[in-house]
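The values are calculated or read from the model by the stated rules, or taken from the named source; none is laboratory data. Here the structure is a predicted model, which is why all the values come from computation and not from measurement. Cβ: placed from backbone, ideal geometry, glycine included. Neighbour counts: every protein chain shown. Accessible surface is based on the protein model in full, side chains and every heavy atom, while ligands, DNA and RNA are left aside. Shrake-Rupley method; radii C 1.70, N 1.55, O 1.52, S 1.80 Å.
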Amino acid sequence: MRKLSAALVLLVAAATTGRADWTITSAQTESTPGCVQHRHVVLTNRETSAHAVIDLALFSTKSCTLRVIDQANAPRHELAYVMRRGNCLAGVNGGYFDSDYAPIGLLIVDGKTIAPLRRARLITGVLIASSRGVQIMRTHEFSRQPESNSAVQCGPFLVDLGRRVRGLEEMRESRRTFAAVAKSDRAALGFCSEISLARLAEILGSMQLADDFKISRALNLDGGSSSGFWFAREGHAFSVPEQKTVRDFVAVVPRGSGD
């Protein structure tokens with residue numbers, strides 16, 4: 001586990017998820033002046049002894065929004081460099097791309113459509129930032145609207161209507177990146193240590209990982225070696241570097257700079 005600063009508050013909880021039997025064994029929280037909260041959660045499955053570590057960048061959509069940062073051309077930089085250069089508050093890697101770094105699925109950057117919406121089995125949702133806030137929509141729900149400033153299509157859905165999506169892949173474990181929204185004005189970008197999609201959906205759909213944040217929808221972003229997480233703080237940033245170069249990033253920024 002990555003060591004966090006001594007200023008963090010250590011919380012030990014005994015919350016289980018029922019059938020999934022996941023327990024939060026420790027949780028640490030830190031906030032920045034930018035009103036983004038970093039939540040570092042360690043979980044154990046009592047039935048299988050499996051472990052998972054989740055990092056969340058939690059924010060209110062009243063004060064912050066999301067911005068998609070595209071790297072259309074070389075040189076393509078790492079997440080930490082791009083986040084620092086853009087004065088971002090937090091960020092993760094974004095959507096899928098092919099071997100030539102062409103985006104797979106809808107990509108909207110600064111109000112401009114870089115790649116069109118696609119119909120495919122895996123990319124079933126769209127993460128959107130607009131004047132309406134931050135939303136996660138099913139692909140069939142999405143309609144291009146003038147106020148959509150940033151959007152990235154990805155998938156699969158992990159949580160919908162507050163419940164985990166069933167039928168997801170259970171065996172293949174990999175690093176994961178995801179976005180989540182709650183019924184209130186709160187949203188999050190997240191990273192999870194190696195886990196299957198089905199297990200991640202179990203956790204996100206049945207556990208409240210932070211106060212006042214019961215996930216209503218969660219969407220998987222590009223995972224595996226693409227997965228990275230970054231959170232700004234005084235001194236050294238908290239960073240889980242991606243393991244390969246990626247096409248685009250999703251960043252948390254103050255409202256007015258990305259909407």
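Taking a 1.4 Å probe, which of K183, K62, K112 shows the most accessible area, and what order do the others take after it?
K183, K62, K112
Please calculate the 1.4 Å probe accessible area of D110, with all protein chains present, and give it to the nearest 10 Å².
Its accessible surface works out to 90 Å², give or take rounding.
Given the protein chains as shown and a 1.4 Å probe, how many square angstrom of D160 are accessible, to the nearest 10?
Its heavy atoms expose roughly 30 Å² to the probe.
Leaving out ligands, DNA and RNA but keeping every protein chain, what accessible area does L200 have, in Å² rounded to the nearest 10, with a 1.4 Å probe?
0
Along its three principal axes, how long is the range 30-155 when you only count alpha carbons? Whole Å, largest extent first please.
Largest to smallest, the principal-axis extents are 43, 37, 34 Å.
D for the range 56-119, whole µm²/s, Stokes-Einstein with Kirkwood Rh over alpha-carbon pairs at 25 °C and 0.890 mPa s: what number? Let's see the in-between values first.
On the way: Rh = 13.4 Å.
Value of D from the Cα-based Kirkwood radius: 183 µm²/s.
What is the calculated FRET efficiency for K244 to E169, with r their C-beta to C-beta distance and R₀ = 25 Å, to the nearest 0.05?
Once rounded, the FRET efficiency stands at 0.75.
Could you point to the label whose value was computed as volume of the Cα convex hull per residue in Å³ for the structure here, given [x] 119; [y] 248; [z] 135?
Of the labelled values, this structure produces [x].
Mean residue ellipticity at 222 nm from the helices of the chain, using -39,500 (n - 2.57) per DSSP H segment of n ≥ 4 over the full residue count, to the nearest 500 deg cm²/dmol?
After summing the helix terms and dividing by residue count, I get -2000 deg cm²/dmol.
If DNA, RNA and ligands are ignored and the probe is 1.4 Å, what is the ranking of M171, M83 by accessible area, most exposed first?
Accessible-area ranking of M171, M83, largest first: M171, M83.
Calculate the FRET efficiency for K62 and D100 from the Cβ-Cβ distance with a Förster distance of 41 Å, rounded to the nearest 0.05.
The formula returns an efficiency of 0.55 here.
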